[in-house]
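Take a look at the structure below.
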Amino acid sequence: MKITLKDGSVKEYAQAMSVLDIASDISAGLARVACAGEVDGERVDLRTVVDKDCTLNILTAKDEGGLATLRHTASHVMAQAIKRLYPEAKLAIGPSIADGFYYDIDFASPIAAEDLEKIEAEMKKIVKEALPIERFTLPRNEAIALMKEKEEPYKVELIEDLPEGEEISFYRQGDFTDLCAGPHLMNTKEVGKAYKLTSIAGAYWRGDEHNKMLTRIYATAFGKKEELEAYLTMLEEAKKRDHRKLGKELGLFMMHDAGPGFPFFLPKGMVLKNTLLDYWRQLHKKAGYVEISTPIILNRSLWETSGHWDHYKNNMYTTVIDGQDYAIKPMNCPGGVLTYASEPRSYRDLPLRMGELGIVHRHEKSGQLHGLMRVRCFTQDDAHIFMTPEQIKDEIMGVAKLINEVYTLFGFKYHVELSTRPEDSMGSDEDWEMATEGLRSALDALGLDYVVNEGDGAFYGPKIDFHLVDAIGRTWQCGTIQLDFQLPQRFELEYQGADGEKHRPIMIHRVVFGSIERFIGILIEHFAGAFPTWLAPVQVKVLPISDKYADYAEKVRKQLDDAGIRVEVDTRAEKIGYKIREAQMQKVPYMVIVGQKEEEEGLVSVRSRFAGDEGQKNPEEFIKALKEEIDSKIQREVKAQEA
Ligand SMILES: [Zn+2]
Ligand SMILES: [Zn+2]
């Protein structure tokens, strides 16, 4: 058989071999660090025997798939440790996730955060015991019998739900056996030392709130100790920046039991939101978009035509008006399509770029809600572009440039992923070919690096996702560009071509921020609440040294206010040091301190978040420089020795 390796080289073998044997044949060093294999794109065990021509990639902890295997094996080690310490605990599921892994467990009595250390200590022993990990399969009835014997009801349920004829595999390490599809490392020792149990949460069995609440233990593992440490430092930093905590301290938004998942924006948060929306409108006007607003409630027949009623109903809120079913929109697309179809269109109208800051509602399970990051009501910075096939490339480039401009402004780096046709999809091969090529050629023309996710597109078209990287290295998927031939077909959209014939337009769905609410959550954490001056809800705080200077403070406030700067005065009878500290806590970019000297000379003393004491300034000059900073949206550098 011929094995084609990642670098294109080909190895030939006379007999079938395991992935591990092939890794050893390549080099002993590679075999030592190998975590899993990838055969023809599918992640497999090192134990998997290869017996025919294929492409093979050996995965280590440096690869996403290798690290996932390491983490998942660590989750079994954690489960084994738990069973040793709490024999009556029942195991549910324990997958690897983006930042680590978890295991859902039904404990006989609740455990506390302190118990995590105990579990970690037991895991250490299991790793040290260097237990070989073996895989075996069982027929369905024997698999069920084994899990019944071990009194693991959740595993029994999982097996019962597997489709008839599916191979049922188990992994055994020492006295511990777990139902699992794999892949896994070869030995518990290979889990190494770089793991950490991070938190406990509640999680419903199978994510369904009608089921029992289990205990989810979150943990992480890395290939190297330094990577674990960097991750834990990042977690600490993330805790300090938590947008729920800062949102409260800075008076930006709140949540209330009266509407779980429906955020309230407070006055300062509203300033922030409107500032972002103003910026969005300016940017899109410049890029040739028009703005529309479509209804929040539309009737059932529309959602049936769009396909949402059949495919998305579980996430939609519905209502009844005059005896008829209606839905509260989870997406803006059908409204956008009706707007397109409201008048005859010609090729001369295309591309037609219709933006909509649309408020959408989507049902999320209560356990999934998280501050502004996961809500049930949000504003999408949506747009639908209707165009001819020839316009795909230019339009995609236009959107990608727009997204680049926005992310760069906030200091985000980002990476791009292109997702292609999934197995279950609608439309002709030709359409898919043309659309995918359009996306690809646009990315190439822009010189953007991107990862291809084969088969990960939507059923109606391929897409490009933008994942931004925040100040502490976390990634967030925000922007998307999605190509769609289905909706124009479902709604029978048309335009008259240059040939006088009717043609069907192609549609792009795209967002830059994604959800404005979530983007605000990301911005709060990215800037740790210290927004650039143009975004800051209060840009200047005027602080009179005492009551005597209240009139002069008011005069300065008015001057700033007249210049369009967001300003407040602190007239309370507090010491100046106290007022300064409070303004600092509120992350106000500029403080203007006024006392006798300032009043006599008609000056202001400026303190900034960026450079500390900036000395006395003439108010007009201060305003002029401030306006420039705001208009250019520049984020001033913070001097290291800030007082
Ligand atoms: Zn497993
Ligand atoms: Zn859409």
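The values are calculated or read from the model by the stated rules, or taken from the named source; none is laboratory data. Nothing here was measured: the structure is a model prediction, and the numbers come from that model. So basically every Cβ, Gly included, is an ideal-geometry build from the backbone, and we count neighbours across all protein chains shown.
Could you pull out every one of the strands (runs of 3 or more DSSP E) wholly within segment 45-161 that has 3 or more residues that are closer than 24 Å to Ala194 by Cβ?
On the way: elements: 54-60, 100-106, 133-138.
It comes to 54-60, 100-106.
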Checklist entry - Among (1) within 16 Å of ligand 2 (Cβ to nearest atom); (2) within 17 Å of the chain's Cα centre (by Cα), which single condition is Phe412 missing? => result (1)
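Scan Val638, Val592, Val588, Val538 and give me the residue that is closer than 30 Å to Leu277 by Cα and in a strand (DSSP E or B). Walk me through it before giving the result.
Numbers: Val638 fails: in a strand (DSSP E or B); Val588 fails: in a strand (DSSP E or B); Val538 fails: in a strand (DSSP E or B).
Of Val638, Val592, Val588, Val538, the one residue that is closer than 30 Å to Leu277 by Cα and in a strand (DSSP E or B) is Val592.
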Item to check | Candidate set from segment 559-618 (those that are closer than 18 Å to Leu250 by Cα and touching a Ser or Thr at 6+ places or on another chain (Cβ under 7 Å)); member that is surrounded by the most Cβ atoms within 10 Å (Cβ to Cβ) | outcome: Tyr590
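Are any residues in segment 432-487 among the aliphatic types (A, V, I, L, M), in contact (Cβ under 8 Å) with a residue 60 or more places away in the chain and more than 30 Å from Lys239 (Cβ to Cβ), and if so, which ones? Walk me through how you get there before you give the answer.
Residues of segment 432-487 among the aliphatic types (A, V, I, L, M): 434-435, 439, 442-443, 445-446, 448, 451-452, 458, 464, 468-469, 471-472, 481, 483, 487.
From the residues that got through so far, the ones that are in contact (Cβ under 8 Å) with a residue 60 or more places away in the chain too are 435, 464, 468, 471-472, 481, 483, 487.
Across segment 432-487, the qualifying residues are Ala435, Ile464, Ile481, Leu483, Leu487.
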Item to check | Selection count where residues are of a type outside the set (A, V, I, L, M, F, W, C), over 14 Å from Ile126 (Cβ atoms) and either within 16 Å of ligand 2 (Cβ to nearest atom) or surrounded by 15 or more Cβ atoms within 10 Å (Cβ to Cβ) (or both), scope segment 185-203 | outcome: 2
Checklist entry - Out of curiosity, is Leu483 in a strand (DSSP E or B), more than 16 Å from ligand 2 (Cβ to nearest atom) and buried (at least 22 other Cβ atoms within 10 Å of the Cβ)? => result no
Checklist entry - Would you call Gly251 loosely packed, with under 13 Cβ neighbours inside 10 Å and of a type outside the set (Ser, Thr, Tyr)? => result no
Next on the checklist: Go through segment 142-152 and report how many residues are within 15 Å of Ala79 (Cα to Cα) and surrounded by fewer than 14 Cβ atoms within 10 Å (Cβ to Cβ).
Outcome noted: 1
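Only residues that are part of a strand (DSSP E or B) and within 30 Å of Ser366 (Cβ to Cβ): list them for segment 179-195, please. Spell out the reasoning first.
Taking segment 179-195 and keeping what is part of a strand (DSSP E or B), we get 179, 187, 195.
Answer for segment 179-195, where residues must be part of a strand (DSSP E or B) and within 30 Å of Ser366 (Cβ to Cβ): just Leu179.
Among the candidates Glu88, Glu122, Glu117, Glu129, single out the residue that is within 25 Å of Arg206 (Cβ to Cβ) and more than 16 Å from ligand 1 (Cβ to nearest atom). Full working, then the answer.
Working: Glu122 fails: within 25 Å of Arg206 (Cβ to Cβ); Glu117 fails: within 25 Å of Arg206 (Cβ to Cβ); Glu129 fails: within 25 Å of Arg206 (Cβ to Cβ).
Result of the check over Glu88, Glu122, Glu117, Glu129: Glu88.
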Checklist outcome for this item: Requiring at least 1 residues that are closer than 30 Å to Ala89 by Cα and modelled with pLDDT under 95, the helices (runs of 4 or more DSSP H) wholly within segment 196-313 are 225-241
Checklist entry - Does Ala550 meet the test of being free of Cβ contacts under 8 Å to residues at least 24 places away in the same chain, aliphatic (A, V, I, L, M) and farther than 30 Å from Thr339 by Cβ? => result yes
Checklist entry - Does Ala536 satisfy the criteria of being small (Gly, Ala, Ser), touching a strand residue (DSSP E or B) at 6+ places or on another chain (Cβ under 8 Å) and modelled with pLDDT of 95 or more? => result no
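Would segment 508-524 turn up any residue that is part of a loop (DSSP other than H, G, I, E, B) and buried (at least 18 other Cβ atoms within 10 Å of the Cβ)? Steps first, answer last, please.
Here is the first cut: in segment 508-524, the residues part of a loop (DSSP other than H, G, I, E, B) are none.
No, because not a single residue in segment 508-524 is part of a loop (DSSP other than H, G, I, E, B) and buried (at least 18 other Cβ atoms within 10 Å of the Cβ).
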Next on the checklist: Suppose we filter segment 486-514 for residues that are away from ligand 2 (no atom under 16 Å from the Cβ) and touching a Leu at 6+ places or on another chain (Cβ under 8 Å); how many remain?
Outcome noted: 2
Checklist entry - What about Leu131, is it within 30 Å of Lys2 (Cβ to Cβ), away from ligand 2 (no atom under 16 Å from the Cβ) and of a type in the set (A, V, I, L, M, F, W, C)? => result no
Item to check | Close pairs from segment 117-141: first exposed (fewer than 15 other Cβ atoms within 10 Å of the Cβ), partner acidic (Asp, Glu) and outside any helix (DSSP H, G or I), Cβ under 6 Å, at least 6 apart | outcome: Thr137/Glu167
Next on the checklist: Pull out all pairs, ordered by first then second residue, where Cβ-Cβ is under 6 Å, the residues are six or more apart or on different chains, the first lies in segment 323-343 and is within 12 Å of Glu356 (Cβ to Cβ), and the second is among the hydroxyl-bearing types (Ser, Thr, Tyr).
Outcome noted: Pro334/Ser306; Gly335/Thr294
Next on the checklist: Return the residues of segment 66-81 that are crowded, with 24+ Cβ neighbours inside 10 Å, farther than 15 Å from Asn187 by Cβ and touching a helix residue (DSSP H, G or I) at 6+ places or on another chain (Cβ under 7 Å); say none if nothing qualifies.
Outcome noted: Met78
Checklist entry - Scanning for something among the polar types (S, T, N, Q), over 25 Å from Ser199 (Cβ atoms) and either outside any strand (DSSP E or B) or within 31 Å of the chain's Cα centre (by Cα) (or both), does segment 16-38 turn up at least one residue? => result yes
